[in-house]
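Student: Quick one: the structure is below, and I'll ask about it shortly.
The values are calculated or read from the model by the stated rules, or taken from the named source; none is laboratory data. Since the structure is predicted, the reported quantities are computational estimates derived from the model, not experimental observations. Positions of Cβ are backbone-derived with ideal geometry, glycine not excepted, and every protein chain shown enters the neighbour counts. Just the protein is used for accessible areas: all its heavy atoms, side chains included, with ligands, DNA and RNA removed. Shrake-Rupley method; radii C 1.70, N 1.55, O 1.52, S 1.80 Å.
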Amino acid sequence: MKNPNLIGKLRAQLPVEALNLLDELHRLTEQRGMALYLVGGPLRDLLLDRPSLDLDIAVEGDAMALARELADAIGGRAVTHPAFLTATVRIPGPRPRMGFHLDLITARSETYARPGALPTVEPATIREDLLRRDFTINALALRLNGPDTGEILDPTGGLADLDARLIRVLRERSFQDDATRILRAFRYAVRLGFRIEPKTLDRLNRDVPYLETISGARLHREFSRILAEDMPDRVVVRLANRGALIAIHPALRLQRPQNSAFARLRDLNPTGARAAYWPALAWRFTEPEAADLGRRLALTRHQRAAVEAMPALRHLEFALHPQDLKRSALADILSPFPLPALWAFAALTDDSSVRDRLLDYLTKARHERPHLTGDDLLALGIPRGPRLSEILHRLRNAKLDGELVSRQDEETYVQRMLAGNSRVPSRSS
């Protein structure tokens, strides 16, 4: 099946830097007589009219050597992965984080020595490469060069499944070979609004226990992708309903507050919600369970700190109730905790007064500082050291509690402290 219009649609959505990269790659492969294909998710999204800047390119030949030559030609950088016959070419952008990258793979076959093992790969034809993939909708290739330019290769019925909006695996043992496909099946289903094909769902339900065979690093990568979705809670709930979460860790059970916490986090803190999803998963964990989850999912240091803070925060809930609790006291209680854990706590608590206090700290109190700085105190004759830090802390607390308002109030307070009278001055003093 040929669809040359797809190439025009692909080029129309790419920035100039990506087009230059693609054109140079086209030139190099034409010189070598290598077949060039757009494959996988980027082609799937192109067919679904979902804009994407990703480029996954397969060649029948040495992708790593091609990547190095491409990087040299366009002034980029090639990173190769010999164990998987893949490479990434990166080009810098006009500003930091504005660069572009292209993933190149040698068309390959895969075999699995045991469930959960990384595959052993061998160079192969493009058809064999498509037959090794996870789902039919990702087992498509668009020819980008040569006389067959515009031809779509579809050996597994992926185009029909795109039309039917179905997620379908290619093989009976697909989930056993690589149980991360269970996580991806639900991620794609939620993102694309697709259904999991009935026989595929039967196999998935049967093979959920194989998630135990997956390493922490691979689980972390898949969970990171889930939590980067627009609606990760929908994926997580479906995984929980199928027993996938407890197959990963026995304490990883969703409870009612967690079902709504993800959406609430997006409302409360749109830019920081993703970091707070991790501790939200551990809301009812004990300290040993939280520490063990960090190991099982190979969490980063910051993620692990946020997850491990949740048991202590949950026990603090009653301590935040007293109406006479000053803002400064609250700040002293909360400041040692990681911010993602505090945001998760605010989203999870069902006590509105506790949530209001947490949000006041997160959005206001933690940012409030006295007018006087450390340099100002040095100029007033206070030497560096613990005494200076103590005075700054007391100034901040008095400001949080509304006892000091102006710079003059603070200067008067410091002068009285130096004179041996630490009473906060009244407004009329």
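Student: Looking at (1) crowded, with 17+ Cβ neighbours inside 10 Å; (2) in a loop (DSSP other than H, G, I, E, B), find the lone condition where residue 394 falls short.
Tutor: The failed condition is (2).
Student: To continue, here is another question. Can you tell me which residue among 201, 219, 211 is over 19 Å from residue 171 (Cβ atoms) and either in contact (Cβ under 8 Å) with a residue 40 or more places away in the chain or part of a helix (DSSP H, G or I) (or both)?
Tutor: Numbers: 201 fails: over 19 Å from residue 171 (Cβ atoms); 211 fails: over 19 Å from residue 171 (Cβ atoms).
So the residue among 201, 219, 211 that is over 19 Å from residue 171 (Cβ atoms) and either in contact (Cβ under 8 Å) with a residue 40 or more places away in the chain or part of a helix (DSSP H, G or I) (or both) is 219.
Student: Residues being of a type in the set (Val, Ile, Thr) and either farther than 13 Å from residue 189 by Cα or more than 14 Å from the chain's Cα centre (by Cα) (or both): count how many of those fall in the stretch 222-239.
Tutor: Kept after step one, since they are of a type in the set (Val, Ile, Thr), are these residues of the stretch 222-239: 226, 235-237.
When the remaining residues are screened for being either farther than 13 Å from residue 189 by Cα or more than 14 Å from the chain's Cα centre (by Cα) (or both), the result is 237.
Selection size over the stretch 222-239: 1.
Student: What number of residues within the stretch 321-338 satisfy the criterion of being part of a helix (DSSP H, G or I) and farther than 20 Å from residue 393 by Cα?
Tutor: Step one: filter the stretch 321-338 for residues part of a helix (DSSP H, G or I), giving 327-334.
Narrowing the set further to residues that are farther than 20 Å from residue 393 by Cα leaves none.
Matching residues across the stretch 321-338 total 0.
Student: Could you run through the stretch 20-34 and say how many residues are out of contact with any helix residue (DSSP H, G or I) (no Cβ under 6 Å at 6 or more places or on another chain), in a helix (DSSP H, G or I) and open to solvent by 10 Å² or more (accessible area, probe 1.4 Å)?
Tutor: The number of residues fulfilling the criteria is 8.
Student: Return the residues of the stretch 339-371 that are in a helix (DSSP H, G or I) and without any contact (Cβ under 8 Å) to a residue 12 or more places away in the chain; say none if nothing qualifies.
Tutor: Selection gives 352, 355, 356, 363, 367.
Student: Looking only at the stretch 55-85, count every residue that is touching a residue at least 24 places away in the same chain (Cβ under 8 Å) and of a type in the set (D, E, K, R) and tell me the total. Spell out how you get there, then give the answer.
Tutor: Of the stretch 55-85, the ones touching a residue at least 24 places away in the same chain (Cβ under 8 Å) are 55-64, 66-67, 69-70, 73-74, 76, 83-85.
Add one more test, that the residue is of a type in the set (D, E, K, R), and what stays is 56, 60, 62, 69.
Final tally of qualifying residues: 4.
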